[in-house]
Amino acid sequence: MIGVRTGSRGSRWLGLLLSIAFVVSAGVMTSVVPARAATTAGWLHTDGSRIVTESGQTHTIRAVSWFGMETSNCAPHGLWTIPLDEGMRRIAEMGFNTIRLPFSNECLTASSTTSIDANANPTLVGLTPLQLMDTVIARAKAVGLSVILDRHRPGSDAQSELWYTPAYSEQRWIDEWKMLAQRYKNEPAVVGVDLHNEPHGAACWGCGDAATDWRAAATRAGNAVLSVNPKLLIVVEGVERQPDGSSTWWGGGLAGVAEKPVTLNVANRVVYSPHEYPASVYNQTWFGAGDYPANLPAVWEKNWGFIASRGIAPVLVGEFGTKLETASDRAWVKTLVDYLGKTGISFAYWSFNPNSGDTGGLVRDDWRTPQTTKLAALAPLLTPTTVPTAAPTASATPKPSSSSTPKPSSTPKPSSTPKPSSTPKPSSTPKPTASPKPSSTPKPTASATPSPSAPSAGGITAAWSLQSAWGEGYVADLTVTAARRVDRWTVSWSSPGATSIVNAWGMDCRLSGSTITCSGAGWAAGLAPGQTVKVGLQVAATRAPAAPPLSTTSS
């Protein structure tokens, strides 16, 4: 719990804490403060270290990430449980004013989504991922939330070091950013674009190598986006390795901005965005200092805080989060919240989702119950409000300037694809699509080879595919296809080392000994002849099976 400050600011913090305590004791996220109009900030630009509205008023971005559109589901996670409107209202009521929406380029061109419950979200089933993105933006806008689009990864399988891969060229990255800029050109709820999540490994800042210079790539992409919509904020993350050879978080190092800032063709558009995490994610050297946590502000100032304090540009701490399970983490988040409050720096918390393996989320596994301790820790930065519950009208849907997705250009990617960095580094990339752990923990194993399909005399086939694995668990998908009408189905496999089922979507799962048995549930319970569904689960386990034999039943 954050300590209560004295004076007028302390009274404000106390009021916020009491508001949160009141509403969560009632079991729902409503607020005792007056309702606010559901309006977004509109277009934003920069002025020195400030983010400002079109009228010149200082605006602090208070964002939270709701991930899932970057994964194989191509949809925000949790829509297998809660309506999209409910999640948006809950986020606004917590006191955030912006959604950071991760996506993958793979999902931009996909034809369908998975894991959306037809009962909870009947209007979302059958939408393409791009149509779903339109709707997510509209529903966010309806409760007064702005949106920052976050290109989290190229494919849905894993985070990449660089902004391109052999399968996803730089030109495709730029073309699809221009497509999105055009699509939402007339939608001021979309205020910014986070060009690429967590450059790391070989990525450098201002090194002059076209294949690895992230500053140069961000300049190219930023100018391309602004050539379509000059009103967007261009969010530029840092790199893992600083120009002086020191290392920080993936996306966290922005020391190079002092000598080599990103300069775009449209002025007052760049916002720098480091990521910061606590010792529970990776034990950086500064966590062991004798004066910890008092040393943290100096660390932050050196790595990225100077950008704001010197008036170079605004800073948005694009990810930070913790499960708050250790004294070190509690000290870290208190110090960071104090630092952000004193400096007025914008932020995006990771994450709303409860299924982030490193950090958990702001709601519990039911996607409804608030994580009261975390919200209390964040209270000095938030302004909980009551949000109208009326569903948005059809007119709230963004009108895309162009609904067609351009074909990627044939322009080749940079001439060489750098090898992955040998420096281990934890990612804040969400589970399920687990982030790499430091060297003391095996890096995630992502298998592209599913288990052989398991036929069933009862009428289904099933294929098991490991999406990601880390030291404490794994995420797997099941693809189930019905040969005839199926009312009930189950799939079982052996998972030595499994200790519990953390979460599941499209099915109910149980663990007995080392055997996991999953039964179709909700939107994936009954299957029509020829229908295929992709469902999944997250398992707490010391190891993940590679390609386990499957047993299936159906009726």
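Can you find even one residue in the stretch 59-69 that is among the charged types (D, E, K, R) and buried (at least 24 other Cβ atoms within 10 Å of the Cβ)?
So far as the stretch 59-69 goes, no, none of its residues is among the charged types (D, E, K, R) and buried (at least 24 other Cβ atoms within 10 Å of the Cβ).
Does Tyr292 satisfy being touching a helix residue (DSSP H, G or I) at 6+ places or on another chain (Cβ under 8 Å), of a type in the set (Phe, Trp, Tyr) and either farther than 19 Å from Ser346 by Cβ or at pLDDT 95 or above (or both)?
The answer is yes for Tyr292.
Within the stretch 504-527, is there a residue that is touching a Gly at 6+ places or on another chain (Cβ under 8 Å), farther than 19 Å from Val125 by Cα and of a type in the set (A, V, I, L, M)?
Within the stretch 504-527, none of the residues are touching a Gly at 6+ places or on another chain (Cβ under 8 Å), farther than 19 Å from Val125 by Cα and of a type in the set (A, V, I, L, M).
Which of the residues spanning the stretch 161-206 are open to solvent by less than 10 Å² (accessible area, probe 1.4 Å), over 28 Å from Val52 (Cβ atoms) and of a type in the set (Ser, Thr, Tyr)?
Once the filter is applied, which keeps residues that are open to solvent by less than 10 Å² (accessible area, probe 1.4 Å), over 28 Å from Val52 (Cβ atoms) and of a type in the set (Ser, Thr, Tyr), the stretch 161-206 yields only Tyr164.
Of all residues in the stretch 80-114, count the ones that are open to solvent by less than 10 Å² (accessible area, probe 1.4 Å), farther than 26 Å from Trp177 by Cα and in a loop (DSSP other than H, G, I, E, B).
Total meeting the criteria: 2.
Which count do you get for residues in the stretch 281-304 that are of a type in the set (Phe, Trp, Tyr) and not in a helix (DSSP H, G or I)?
Count: 2.
List pairs: first in the stretch 313-340 and over 27 Å from Ser49 (Cα atoms), second outside any loop (DSSP other than H, G, I, E, B) and open to solvent by 30 Å² or more (accessible area, probe 1.4 Å), Cβ under 7 Å, 6+ apart or cross-chain?
Once the first residue is over 27 Å from Ser49 (Cα atoms) and sits in the stretch 313-340, its partners that are outside any loop (DSSP other than H, G, I, E, B) and open to solvent by 30 Å² or more (accessible area, probe 1.4 Å) give Leu324/Arg330; Leu324/Thr373.
Which residue pairs have Cβ atoms closer than 8 Å, lie 6 or more positions apart in sequence or on different chains, and pair a first residue in the stretch 478-506 that is closer than 16 Å to Gly459 by Cβ and without any contact (Cβ under 8 Å) to a residue 12 or more places away in the chain with a second residue that is assigned to a loop (DSSP other than H, G, I, E, B) and of a type in the set (Ser, Thr, Tyr)?
Close Cβ pairs satisfying both conditions: none exist.
Determine which single condition Trp250 fails, assuming it passes every other condition in (1) in contact with a strand residue (DSSP E or B) (Cβ under 7 Å, 6 or more places away or on another chain); (2) assigned to a helix (DSSP H, G or I); (3) not β-branched (Val, Ile, Thr).
Condition (2) is where Trp250 drops out.
Select, from Ser280, Ser227, Ser246, Ser273, the only residue that is of a type in the set (Ser, Thr, Tyr), farther than 22 Å from Leu340 by Cβ and either touching a Pro at 6+ places or on another chain (Cβ under 8 Å) or in contact (Cβ under 8 Å) with a residue 12 or more places away in the chain (or both).
Ser227
With the condition kept exactly as written, say whether any residue in the stretch 296-310 is within 24 Å of Ile91 (Cα to Cα) and hydrophobic (A, V, I, L, M, F, W, C).
No, the stretch 296-310 has no match at all.
What pairs come up if the first residue lies in the stretch 342-366 and is crowded, with 24+ Cβ neighbours inside 10 Å, the second is outside any loop (DSSP other than H, G, I, E, B) and among the acidic types (Asp, Glu), and their beta carbons are under 6 Å apart, counting only those six or more places apart or on different chains?
Partner pairs satisfying both residue conditions: Trp350/Glu319.
Test each condition in (1) open to solvent by less than 10 Å² (accessible area, probe 1.4 Å); (2) farther than 16 Å from Trp214 by Cβ; (3) of a type outside the set (Val, Ile, Thr) for Glu237 and report the one that comes out false.
(2)
The values are calculated or read from the model by the stated rules, or taken from the named source; none is laboratory data. Note that the structure is a prediction, hence the values are computed from the model and not measured. Cβ sites come from the backbone with ideal geometry, for glycine too, and all protein chains shown count toward neighbours. These area figures cover heavy atoms from the full protein model, side chains too; ligands, DNA and RNA do not enter into them. Shrake-Rupley method; radii C 1.70, N 1.55, O 1.52, S 1.80 Å.
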